[in-house]
Amino acid sequence: MQYKTPSGTRDILAPEVCLWQQMEAKACELAQRAGYTEIRTPVFENTELFVRGIGEASEVVQKQMYTFETPGGESLTLRPEITAPVMRAYLEHSMYKTGAFRKLYYLGPSFRYERAQKGRWRQFSHFGVEAVGSADALLDVETIALGWDILTECGVPGLKLMLNSIGCPGCRPAYHDALRQYVTKQKDKLCEDCARRAEENILRILDCKKEQCRAAMKDVPRIPDFLCADCAEHFGAVRKGVEQYIPDWELETHLVRGLDYYTRTVYEYVAGELGSQNAVGGGGRYDQLVEELGGPETPSVGFALGLDRIVLSVQSAGGDSPVVRAPVVFFVSVGDELRPEVQKMVVELRRSSIAADMDYEGRSVKAQFRAANRLGARFVAVLGPEEAASGMVNLKDLSTGSQQQVPTSELADRIANG
Ligand code: HAM
């Protein structure tokens, strides 16, 4: 039997993993700079949280959840997204009692049972932010600009923002009526799933990617034309900010997003060079979610980025290849009996914050030099019987070719100042 990663999952190896580390560090740095603090929640939660939070009729809940029963009889689900868990934590820790407003960010794996293809995985990584406890339109703008800046800093090519407002429960019924009237006339042209959606969750039809449904929905009434005065004013303020900070954006009146908790602002970031799975992130306002989960009124907004797709788009744009960190100094020991002595120096240098390494594969002296070169070390430190007897090391600077005898007690200083 050959063991392989399950379909839709993969191992991330060097040097690609270095690109991941860079992207993750950038995202965290920018979020922290904007006043967000990290939150870590479990990778599985009670199934009910997602059914309630994301919505029973959503594609994610109906088809994509990894749900399992524990030996104790509980139903748990691997998180398909992290907004509902963060809101669960917000409530569980009564954050609303100690100053309702919070800015939180997170990074970690999510799981969806989707048809695996390029850019669509069954385990993938989310980086997201949630600004909890304010309906201020400027906060929508802040999150939109933050997501944009992270993606730009990561070097995502051909970036574009798609923006829409889907209104509030107050103005949605009028739109639903108009949509229903339109859909009734187009029903025969829709796919099987959309025929079902027409009964269960009509807004989702706007989200269908199938060509036949897109064609049938081409002249559908536009959601922004049905917004109530408050939602229209809110959306106007969001657009004003977006115009100011986002160089490439579009009003996408079909955009509704795949999760049911959204109200008012919704948005997606799309990248060039990714084909059909081109959404590198998405988000929006979810003013009712906390109440839906049993908490007080807590209007909130946020987004999540898909790190797998960010990395894919940066790779396809052919940017600099990430480099595995090289040792600053590689040790060559002449004779096996000196290896413990070499190891002592390696450990001490590492404790002085210098990346140092040595051979563990029984290589000849010549091969140890070759390894130092291959790894990209700046210095080679040679310890032979003569050096050991006099408390010295022969330090060769591979960038200049110069070499000198250095007392072992001064090695760290020489390398640090080298
Ligand atoms: P989402 O649009 O479902 O939103 O996911 C965000 C991003 O995760 C997508 O734009 C995409 O880049 C990536 N993604 C989703 N599914 C996959 C997959 N199967 N394989 C690879 N990447 C994927 C949310 O999850 C919301 N919680 C975002 C949010 C936060 N809304 C408000 N706050």
Accessible area of segment 84-216 with a 1.4 Å probe: how many percent of it is carbon plus sulfur?
50 percent
Connecting every pair of Cα atoms under 10 Å apart in the chain and solving the GNM, the largest mean-square fluctuation among V238, V382, V51 falls on V382
Mind checking the per residue accessible area of segment 27-111 for me, 1.4 Å probe, whole number of Å²?
48 Å²
If only Cα atoms are counted, what is the Rg of segment 18-114, and what is its Dmax, in Å?
15.3, 44
Looking at the chain, what % of the alpha carbon pairs are farther apart than 28 Å?
58 percent
Normalised by the residues of segment 1-143, what does the relative contact order come to in percent, with Cα pairs under 8 Å and at least six apart?
26 percent
How do 168-178, 128-138 rank on mean C-beta neighbours within 10 Å, highest first?
128-138, 168-178
Once the Cα atoms of segment 236-369 are picked out, what are the Rg and Dmax in Å?
26.7, 75
Rounded to a whole number, the Stokes-Einstein D of segment 75-138 in µm²/s (Kirkwood radius over Cα pairs; 10 °C; 1.306 mPa s) is 117 µm²/s
Sorted by mean Cβ packing within 10 Å, highest first, what order do the peptides 289-299, 210-220, 4-14 take?
289-299, 210-220, 4-14
State the percentage of accessible surface on segment 329-416 attributable to carbon and sulfur atoms; use a 1.4 Å probe and exclude ligands, DNA and RNA.
47 percent
Dividing the helical contributions, -39500 (n - 2.57) per DSSP H run of n ≥ 4, by the residues of the chain yields a 222 nm value, nearest 500 deg cm²/dmol, of -11000 deg cm²/dmol
Given the peptides 102-113, 195-206, arrange them by the average over their residues of other C-beta atoms within 10 Å, most packed first.
102-113, 195-206
Using the heavy atoms of the protein chains alone and a 1.4 angstrom probe, what is the accessible area of segment 329-416 per residue in square angstrom?
56 Å²
Taking a label point 7 Å from the Cα of W20 along Cα-to-Cβ, the residues of segment 77-108 whose backbone nitrogen sits under 12 Å from it are 108
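Using a 1.4 angstrom probe on the protein heavy atoms only, line up S352, S321, S125 by accessible area, largest first.
On the way: S352 60, S321 90, S125 25 Å².
From most accessible down to least: S321, S352, S125.
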If you project the alpha carbons of segment 329-416 onto their three principal axes, what span does each projection cover, largest first, in Å?
28, 28, 24
List, largest first, the extents of the alpha carbons of segment 113-257 along their principal axes, each in whole Å.
46, 42, 27
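The values are calculated or read from the model by the stated rules, or taken from the named source; none is laboratory data. What you are looking at is a predicted structure, and each value in this text was computed from that prediction instead of being measured. As a convention, Cβ positions derive from the backbone with ideal geometry for all residues, glycine included, and neighbour counts pool all protein chains shown. Ligands, DNA and RNA are excluded from the accessible area calculation, which covers all protein heavy atoms including side chains. Shrake-Rupley method; radii C 1.70, N 1.55, O 1.52, S 1.80 Å.
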